[in-house]
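The values are calculated or read from the model by the stated rules, or taken from the named source; none is laboratory data. These figures come from a predicted structure and were not determined experimentally. Here the Cβ positions follow ideal geometry from the backbone for every residue, glycine too, while neighbour counts run over all protein chains shown. Protein only, heavy atoms only, side chains kept; ligands, DNA and RNA dropped before computing areas. Shrake-Rupley method; radii C 1.70, N 1.55, O 1.52, S 1.80 Å.
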Amino acid sequence: MRPGATGRGFVYKCPMHVGELLDVVFRWAHLIAGIMWVGNSMLFNWLDRNLERAATDDPLSQGRIHMVHSGAFYEVEKKLLAPGQMPANLHWFKYQNLTTWLTGISLLIVVYYFNGAAFLVDPSVRDLAPSVAISISVGALLVGWLLYDGLWQTLGSRPQLATAISIAGIFAAAWGFTLVFSGRAAYIETGVLMGTIMTGNVWMVIVPSQRELVAATIAGRPQDKTLSLRAKERSIHNNYMTFPLLFIMISTHFPSASSNPLNWLVLIVVSVGGSGVRHFMNVRYAGKVWLGPAFAMAAVAVAGLMVVTRLSAPAIAEHKGEVTFARAQEIILKRCVPCHSEVPRDAQFSAPPSGVVFDSPERIKIMADRIKERAFTTGTMPFVNRTQITDAERAELARWVDDGAKIP
Ligand code: HEC
């Protein structure tokens, strides 16, 4: 029976840990805002590419489109407005982005900075003091935006060069993060850096350009073209970062990618594949061949996940000879149960991580395959090897699983 349950209904034990509560609140809001932001941006992208220009002869018109959705027709026209035509109600789409970023930063703080930065620092990567690790993380976001923005302000006239430097810069940052942070934190830090650049693009470049467009329209003067072109450019950058960023958001579920010795390479290959898929979805509406190339780019991403992670899986010598359940349980009690128990002893976890408990032979047996995968094949458990399991013990657990995971 679970602690706290009496068999006659429930007793009120301890409420959800504050950190966990904040985690779920911010994560939920982050997901909702993110769906709204990315969803909007994809819809506008789609609209832009499907406008029918010939349908109108208004010189200010950029095209029209008809759609059917939720029980009626929508008729949308993209156009510039003549002076004095500014409507009383103009809808902007900027707070979805801001909410996504703010909840994302809050999550970064709650999950990676709180708790003595336990998820940020991995002593086997680099034994940083929490304050140092947090400073590096915050500093990297600030410096990352300044470098990117400065680069495009100065080299904007040579977009190919600036693009090459930006891509190299992001990949170098991802690699650098894997040298100082835990694998999953390195992934998330890369994602937050991309999200921060995207948010900077929206608020420092795209929104000001739109404000200028509104002001110019009201005043009846032509809009400053450079502002508009720069906004378009930054909007394209955001478009290409979306798919890699979404992968990073779900990457904590895939420790064999993020905790892999070549985790930075996995991230680079997946990002190239992800942006590649986005690219061919973009060119689709220009009437170009897209489905085949998009699948090819998806295959690149999958190769990053499958080939690279397996190539570099740590090779631990196999254990020869029999391993009894008693021996396997002894290892698990010492190396895993401090966290994976109904009442974890590890101060950081008030509840068993991922709900996985090894308190009884049956519970151990159910998880046998995952135990081998995490402790032996990928070597991603114990968490930051806090309980200092040895390679010999990892091999013993694998042998017990391979021999049928027998329990008495
Ligand atoms: C210091 C705490 C800690 C210790 C010790 C620990 N784990 Fe975990 N475990 C975690 C955390 C945190 C998660 C959730 C994050 C993740 O999956 O990487 C987790 C998740 C898991 C999962 C569920 C996710 C999946 O991949 O199926 C399994 C299985 C697991 N651990 C196995 C083990 C084994 C086996 C050991 C001992 C060799 C062990 N853990 C030791 C903290 C710990």
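Miscellaneous remarks
- Residue within the range 145-158 that is modelled with pLDDT of 95 or more, crowded, with 19+ Cβ neighbours inside 10 Å and closer than 19 Å to A231 by Cα present: yes
Yes/no matrix, rows are residues, columns are (1) over 19 Å from W101 (Cα atoms); (2) without any contact (Cβ under 8 Å) to a residue 60 or more places away in the chain:
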| residue | (1), (2) |
| --- | --- |
| G195 | no, no |
| Q210 | yes, no |
| A216 | yes, yes |
| A219 | yes, no |
| T226 | yes, yes |
| R230 | yes, no |
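- On inspection, F73 fails the criterion of being open to solvent by 50 Å² or more (accessible area, probe 1.4 Å) and under 30 Å from G183 (Cβ atoms).
- Selection of first residues in the range 394-406 that are of a type in the set (A, V, I, L, M, F, W, C) and of second residues that are in a helix (DSSP H, G or I) and more than 12 Å from the ligand (Cβ to nearest atom), restricted to Cβ pairs under 6 Å at least 6 apart or on distinct chains, gives the following pairs, ordered by first then second residue: A405/K365.
- Residue within the range 82-97 that is open to solvent by 60 Å² or more (accessible area, probe 1.4 Å), over 27 Å from G220 (Cα atoms) and not charged (D, E, K, R) present: yes
- Spans of helices (runs of 4 or more DSSP H) in the range 342-408 with at least 2 residues near the ligand (Cβ under 8 Å from one of its atoms) and either open to solvent by less than 30 Å² (accessible area, probe 1.4 Å) or closer than 26 Å to E20 by Cα (or both): 368-372, 391-402
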